[in-house]
Amino acid sequence: MTLTSLKPVLAQVAQGATLTIAESEAAFGLIMAGEATPAQIAGLLMAMRVRGETVDELTGAVRAMRARMLAVDAPEGAIDVCGTGGDGAGTLNVSTAVTFVLAGLGIPVAKHGNRALSSRTGGADVLTTLGVNVDVALDRLPQILAAAHCAFLFAPRHHAALRHAAGPRVELGTRTIFNLLGPLANPARVKRQLTGVFDPRWARPMAETLRNLGSTDVWIVHGQGLDELTTAGPNQVVALKDGALREFVLTPGEAGLPVSPVSAIAGGDPQTNATALLALLDGAKGAYRDTVLFNAAAALVVAGVVDGVAEGVARAAAAIDTGSALAALETLKRETA
């Protein structure tokens, strides 16, 4: 649909009405084109937040975001492993470590991420500390992905249109629909994702949105307050497979892993987290390794490599213990130099 101003949309949402996919796509298209005022943007975001964003609104917003992103070619079967952020836990970097485990097994990972926004150390921060150039020329990313079986897609470079909403988001200082959009708009247009969410009530809507957008294999997970699977207790999972959604609880015991408190994977500044990640890839045992194995195992299920998480843990452990995961990091460093 054609929309020249946010005012008609604001009138709708002010009365509690929801937007269709087309209306949401048009509205967020205006925002990302810089054709909405800060007051209009803030008004729309808060009206949607208070009423509760719908799957159609998420779908339309992601379509607008994908239409304006700088896309990257990725091989068939590529996967993304990332989280929404926003859990406030300040843990060690899990999805970044999982990236190297999967890459060590030859699975292409188009890792979408950013610098720290709600944590002390984001994926881009720890990778930079490890010696990976996250600002490498965009046209080299497909080549890097082919050589290292992984590439880091630095969100601000691929989604520059989001800058128009940055001011209102900062001034609002609260969660908005934009906190949910990032993991739904991977620049490589992957069809397979392991995505963590800060609040379990968003797991099903996010899975439904990805189904609307053509994803084939997805796990949306939440574990004990974290936007990833945890060994601290039961985890909530919404899985998409063959167009059907399934909800279940997954425990560390089902993966053959011991229970450890969230505090056991507490992180710190980029240097602290990078040191821990290197030690992990070098074979260090403990709660961090167990958490990474758990999430890597889930990703292997999503990727169609294994049938269950116990088998996935064994495969992930082998990638670390044979040095394949560490070799993937070294290749990424070399390819992005």
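The values are calculated or read from the model by the stated rules, or taken from the named source; none is laboratory data. From a predicted model like this one, the values you see are computed outputs, not experimental measurements. Reconstructed Cβ throughout: ideal geometry from the backbone, glycine too, with neighbour counts over all protein chains shown.
Do you know which of the residues in the stretch 115-133 that are part of a loop (DSSP other than H, G, I, E, B) and at pLDDT below 95 is farthest from Met69 (Cα to Cα)?
For the stretch 115-133, the residue satisfying everything is Arg120.
Residues checked against (1) acidic (Asp, Glu); (2) surrounded by fewer than 21 Cβ atoms within 10 Å (Cβ to Cβ); (3) in contact (Cβ under 8 Å) with a residue 60 or more places away in the chain; (4) not in a loop (DSSP other than H, G, I, E, B):
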| position | (1), (2), (3), (4) |
| --- | --- |
| Glu228 | yes, no, yes, no |
| Phe248 | no, yes, no, yes |
| Val259 | no, yes, no, no |
| Leu278 | no, yes, yes, yes |
| Ala297 | no, no, no, yes |
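In the stretch 261-276, which residues are among the hydroxyl-bearing types (Ser, Thr, Tyr) and either free of Cβ contacts under 8 Å to residues at least 60 places away in the same chain or closer than 27 Å to Gly308 by Cα (or both)?
If the condition is that a residue be among the hydroxyl-bearing types (Ser, Thr, Tyr) and either free of Cβ contacts under 8 Å to residues at least 60 places away in the same chain or closer than 27 Å to Gly308 by Cα (or both), then Ser263, Thr275 are the ones that fit.
If you go through the stretch 62-81 one residue at a time, do you hit one that is closer than 23 Å to Gln143 by Cβ, acidic (Asp, Glu) and crowded, with 19+ Cβ neighbours inside 10 Å?
Checked the stretch 62-81: at least one residue is closer than 23 Å to Gln143 by Cβ, acidic (Asp, Glu) and crowded, with 19+ Cβ neighbours inside 10 Å.
Among residues belonging to the stretch 42-61 that are under 11 Å from Val9 (Cβ atoms) and more than 21 Å from the chain's Cα centre (by Cα), point out the one that is surrounded by the fewest Cβ atoms within 10 Å (Cβ to Cβ).
Ranking the qualifying residues of the stretch 42-61, first place goes to Ala47.
Evaluate the following for Thr174: is it of a type in the set (S, T, N, Q) and in a strand (DSSP E or B)?
On the way: of a type in the set (S, T, N, Q): yes; in a strand (DSSP E or B): no.
No.
Name every residue in the stretch 78-113 that is closer than 15 Å to Leu145 by Cβ, out of contact with any Phe, Trp or Tyr (no Cβ under 7 Å at 6 or more places or on another chain) and not in a loop (DSSP other than H, G, I, E, B), in order of residue number.
Ile79, Asp80, Val81, Thr99, Phe100, Leu102, Ala103, Gly104, Val109, Ala110, His112
Can you name the condition, by its number, that Arg169 falls short on among (1) part of a loop (DSSP other than H, G, I, E, B); (2) more than 16 Å from the chain's Cα centre (by Cα)?
Condition not satisfied by Arg169: (1).
Restricting the search to the stretch 78-97, which residues are of a type outside the set (Val, Ile, Thr) and touching a Gly at 6+ places or on another chain (Cβ under 8 Å)?
Passing the criteria: Cys82, Gly83, Gly85, Asp87, Ala89, Gly90, Leu92, Asn93, Ser95.
Can you confirm whether the stretch 187-203 contains a residue that is basic (Lys, Arg), buried (at least 19 other Cβ atoms within 10 Å of the Cβ) and touching a helix residue (DSSP H, G or I) at 6+ places or on another chain (Cβ under 7 Å)?
Checking the stretch 187-203: at least one residue is basic (Lys, Arg), buried (at least 19 other Cβ atoms within 10 Å of the Cβ) and touching a helix residue (DSSP H, G or I) at 6+ places or on another chain (Cβ under 7 Å).
Hey, can you tell me all the residues within the stretch 1-36 that are among the small types (Gly, Ala, Ser) and under 17 Å from Asp56 (Cα atoms)?
The answer is Gly16, Ala17, Ala22, Ser24, Ala26, Ala27, Gly29.
In this structure, does Gly304 turn out to be in a loop (DSSP other than H, G, I, E, B) and either among the aromatic types (Phe, Trp, Tyr) or within 15 Å of Val98 (Cα to Cα) (or both)? Give the derivation first.
Details: in a loop (DSSP other than H, G, I, E, B): yes; either among the aromatic types (Phe, Trp, Tyr) or within 15 Å of Val98 (Cα to Cα) (or both): no.
The answer is no for Gly304.
For a quick check of your reading of the model, give me the residue pairs whose first member lies in the stretch 4-28 and is surrounded by fewer than 19 Cβ atoms within 10 Å (Cβ to Cβ) and of a type outside the set (Val, Ile, Thr), whose second is modelled with pLDDT of 95 or more and outside any helix (DSSP H, G or I), with beta-carbon atoms closer than 6 Å and at least 6 apart or on different chains.
none
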